[in-house]
Amino acid sequence: MTTNNKPNRLAKEKSPYLLQHQYNSVDWFPWSDEAFEIAKRDNKPVFLSIGYS
């Protein structure tokens, strides 16, 4: 996966797993009401990752 110099929203998380993805080009959301509200508003599916390293 391509990485960016600009961190995504995961940069604000405490989880070491989430933090290792803070520079991914995908703008990941942590599990939150905001993620589901935006998906519903934009009529987009939710891609759920259970995590792996």
Arrange TYR52, TYR17, TYR23 by Cβ neighbour counts within 10 Å, fewest through most, would you? TYR52, TYR17, TYR23
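Step by step: find N for the chain, compute 2.2 N^0.38 Å, then divide the Cα radius of gyration by it. What's the final number? Intermediate results must be reported in sequence, preceding the final value.
On the way: Rg = 11.5 Å, N = 53, 2.2 N^0.38 = 9.9 Å.
In units of the globular-protein estimate, the chain measures up at 1.16.
Only the coordinates and a few stated rules stand behind these numbers; no lab work does. Just so it is clear, the model here is predicted, and its values are computed rather than measured. Glycine also receives a Cβ, built like all others from the backbone with ideal geometry; neighbour counts cover every protein chain displayed.
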